[in-house]
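Beneath this line is the structure, given in structure tokens, with notes to follow.
The values are calculated or read from the model by the stated rules, or taken from the named source; none is laboratory data. This one's a predicted model, so the numbers in the text were calculated from it and none came from an experiment. Note: ideal-geometry Cβ built from the backbone for every residue, glycine included; neighbour counts use all protein chains shown. In case anyone asks, the SASA skips ligands and DNA or RNA and just uses the protein heavy atoms, side chains included. Shrake-Rupley method; radii C 1.70, N 1.55, O 1.52, S 1.80 Å.
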Amino acid sequence: QVQLVESGGGLVQPGGSLRLSCAASGSIFRLYTMAWYRQAPGKQRELVAAITNVGSTNYTDSVKGRFTISRDNRKNTVYLQMNSLKCEDTAVYYCNAALGVRYWGQGTQVTVSS
């Protein structure tokens, strides 16, 4: 069982930045593929970015060049640095851990508005 706790969400103006963090419990964090998903009101949950256990990353097209996913295995934490935020980035952001079984965090709200 893995518990995931997200933090770092909030209200930011367009063009601003936020860094989301997701702290994971357990001793085998380093083996998990970690990812960030988001769900906007009335829309399906979508993959934003993922990072494998060896550090390979992938991003959805709409965030390429603006968002960066990273992980610190010593701290059992995955990050999502979000720059040049747009109103359409507004959503609840969820952390996900996958190693056969998937685990989800409770989500953190990101609102981009002037």
Q: Have a look at Thr60, Thr90, Asn76 and report the one farthest towards the positive end of the charge dipole of segment 21-97, computed about the Cα centre with Cβ charges (Lys/Arg +1, Asp/Glu -1).
A: Asn76
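Nothing charged except the Cβ atoms of Lys and Arg (+1) and of Asp and Glu (-1): what's the magnitude of the dipole of segment 1-110 about its Cα centre? Round to the nearest 20 debye. Kindly include the intermediate steps, with their values, before the conclusion.
Numbers: 12 positive and 6 negative charges, 37 e Å.
So the dipole magnitude of segment 1-110 works out to roughly 180 debye.
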(Q) Below 8 Å, C-alpha to C-alpha, sequence gap of six or more: please give me the relative contact order for the chain in percent. (A) 37 percent
Q) At what distance in angstrom do the alpha carbon centres of segment 82-114 and segment 12-68 lie from each other? A) 7 Å
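Let's see if you can work this out: charge +1 on each Lys and Arg Cβ, -1 on each Asp and Glu Cβ, no other charges. What is the dipole magnitude of segment 39-78 about its Cα centre, in debye to the nearest 20? Don't jump to the answer; show the numbers that get you there.
Numbers: 7 positive and 3 negative charges, 24 e Å.
So the magnitude is around 120 debye.
May I ask you to give the solvent-accessible area per residue for the chain, in square angstrom, as obtained with a 1.4 angstrom probe?
Numbers: 6040 Å² over 114 residues.
I get 53 Å² per residue for this part.
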Q: Please state, as a whole number in µm²/s, the translational diffusion coefficient that the Stokes-Einstein equation yields for segment 57-114 at 25 °C and 0.890 mPa s, with Rh defined as the Kirkwood radius across alpha carbon pairs.
A: 189 µm²/s
Q: List, in order, the whole-Hz ³J(HN,Hα) value for each residue of segment 104-114 obtained from phi through the Karplus relation with A = 6.51, B = -1.76, C = 1.60 and θ = phi - 60°; use x for Gly and Pro.
A: 10, x, 7, x, 9, 7, 10, 10, 10, 7, 8
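May I ask for the net charge around Trp104, where only other residues with Cβ less than 11 Å from the Cβ of Trp104 are counted and Lys, Arg are +1 while Asp, Glu are -1? Provide the component values of the computation, followed by the final result.
Working: positive: Arg45, Arg102; negative: Glu6.
Local net charge: +1.
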Q: Give the long-range amide H neighbours of Arg66: residues separated by 5 or more places, or on another chain, with amide H under 5 Å away, using H modelled in the peptide plane at 1.01 Å from N.
A: none
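Only bridges whose two residues both fall in the chain count here: according to DSSP, what percent of them are antiparallel, nearest 5?
On the way: 38 of 41 bridges.
Around 95 percent of the beta bridges assigned by DSSP in the chain are antiparallel ones.
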Q. Excluding same-chain residues fewer than 8 positions from Lys86, which lysines have a Cα within less than 27 Å of its Cα?
A. Lys43, Lys64
